[in-house]
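For reference, the structure discussed in these notes is given below.
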Amino acid sequence: MNILLDLFFTFAKIGLFTFGGGYAMIAMIENNCVERKKWITHDEMMNITVIAESTPGPIAINCATFTGYKKASFIGALIATLGMIVPSFAIIYLISMFLDNFLELTIIANAFKGIKIAVGILILDVAFTMIKKMHKKKLPRAIMLCSAIVMLCINIFAWNFSSISLMLIAAVVSLTIFVLGGTPDQKGGAKK
């Protein structure tokens, strides 16, 4: 019972105090679940992030569901997911009930301008942390670099290209290299 309460309140705190969606929440999820509580490892967090991004639904909720399942099976997944969504739902419900023109209030509009900047910094922090902890192998780094360059070009030239398509292409390239010749290890040989 203690683990269920801990799961609920941990993810409720993350859901309540994080703005900017799933990518901004990843830093708090990693801090709480990997570093402080040691519910999952860093490698599991990286895998969860990739899987959560590739599956339907918000990334933070998918991360909460996986972590809850790992700690306490189905009921843990349910409790962790509820912990993640209840605070946001309650806040949005209260705002919709009492403040019809919430974002038109000058103080709220100014607060959200500051929040936008903070969210961008949180997302960059997550990206740099994941890059630093990524395995020092050539293939993942090459795929990451090529994907980053392509996404930069898509944004600069305003091309109409889906990020989902880019993820699928990266997955196909990686899988093809693995199937055809194995992945190169750190010494330069092939590992099958």
So which residues in region 125-145 are under 10 Å from MET46 (Cβ atoms) and of a type in the set (D, E, K, R), if there are any at all? LYS133
Per-region count, region 60-75, residues basic (Lys, Arg) and closer than 10 Å to LEU7 by Cα: 1
Filtered residue count, region 117-150, keeping only those that are touching a Phe, Trp or Tyr at 6+ places or on another chain (Cβ under 9 Å), without any contact (Cβ under 8 Å) to a residue 40 or more places away in the chain and not assigned by TED's automatic domain parsing to the domain that holds SER174: 1
Candidates ILE91, ILE107, ILE26, ILE40, filtered to the one that is modelled with pLDDT of 80 or more, closer than 27 Å to SER163 by Cα, not polar (S, T, N, Q) and not assigned by TED's automatic domain parsing to the domain that holds PRO140: ILE26
So which of ILE92, ILE51, ILE79 ends up being over 25 Å from LYS133 (Cβ atoms), out of contact with any strand residue (DSSP E or B) (no Cβ under 9 Å at 6 or more places or on another chain) and surrounded by fewer than 19 Cβ atoms within 10 Å (Cβ to Cβ)? ILE92
Just a yes or no: is a residue in region 21-43 surrounded by fewer than 18 Cβ atoms within 10 Å (Cβ to Cβ), farther than 26 Å from ALA118 by Cβ and in contact (Cβ under 8 Å) with a residue 40 or more places away in the chain? no
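The values are calculated or read from the model by the stated rules, or taken from the named source; none is laboratory data. Worth saying up front: this structure is predicted, and the values here are computed from it rather than measured. Reconstructed Cβ throughout: ideal geometry from the backbone, glycine too, with neighbour counts over all protein chains shown.
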